[in-house]
Amino acid sequence: MSAVADEDAIRRVLHEARVWAIVGLGDNPQRPAYSVARFLQERGKRIVPVHPSAATVHGEQGYASLSDVPFEVDVADVFRRSSDAGAVADEALGRPDISTVWFQLGVVDADAAERVGAAGRTMVMDRCPAIEWPRLLG
């Protein structure tokens, strides 16, 4: 069995997950994280910017790290280099509330995916919710 979620699992995450921590989301509208966060917000999801600058984005207070977010999060959506993504996945695994780790397009770390899967969490890798939503949910 693959450590990476299949389409049914991705569909379930898109439908059920309510709070998305967007790791790498700063206040730069030119970055992909900015538009993906807006996309999720427009579909009723609460987004949580996670970036060292802790900027407020799309009206939501930012936090410097996942560990700093003082409320429950469903998904850690990672907009970081593949070389940095494993550390973010490990930080997410330190939070029992995060049920899904989502690596964005181009973000691949098979070892991190194995750790997430071994912990019983859902792992989505090299996908974007703004692409998967219309494809899987219409």
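The values are calculated or read from the model by the stated rules, or taken from the named source; none is laboratory data. Because the structure is a prediction, the values reported are computed rather than measured. Heads up, the Cβs are rebuilt from the backbone with ideal geometry, glycines too, and the neighbour counts pull from every protein chain shown. We work out accessible area using only protein heavy atoms, side chains counted, and drop any ligands, DNA or RNA first. Shrake-Rupley method; radii C 1.70, N 1.55, O 1.52, S 1.80 Å.
Across the stretch 18-32, computed HN-Hα scalar couplings (Karplus, 6.51 cos²θ - 1.76 cosθ + 1.60, θ = phi - 60°) run 9, 10, 10, 7, 9, 7, x, 7, x, 8, 8, x, 7, 8, x Hz from first to last residue, x flagging Gly and Pro. Over all Cα atoms in the stretch 22-138, the spread is summed up by Rg and Dmax: 13.1, 36 Å. The Kirkwood radius of the stretch 1-63, taken over pairs of alpha-carbon atoms, gives through the Stokes-Einstein law at 10 °C and 1.306 mPa s a diffusion coefficient of 128 µm² s⁻¹.
Based on protein heavy atoms only, the chain ends up with 48 Å² per residue of surface accessible to a 1.4 Å probe. Using a simple spin-label model with pseudo-atoms 7 Å out from Cα toward Cβ, residue 64 and residue 15 lie 4.0 nm apart.
For the stretch 89-138, taking the reciprocal of the average inverse distance between every pair of different Cα atoms yields a Kirkwood hydrodynamic radius of 11.4 Å.
Across the accessible surface of the chain, with the other protein chains kept in place and a 1.4 Å probe, carbon and sulfur atoms take up 48 percent.
Derived scalar couplings between HN and Hα for the stretch 63-69 equal 9, 6, 8, 4, 5, 7, 6 Hz in order, rounded to whole Hz, by the Karplus curve 6.51 cos²θ - 1.76 cosθ + 1.60 (θ = phi - 60°), x for Gly and Pro.
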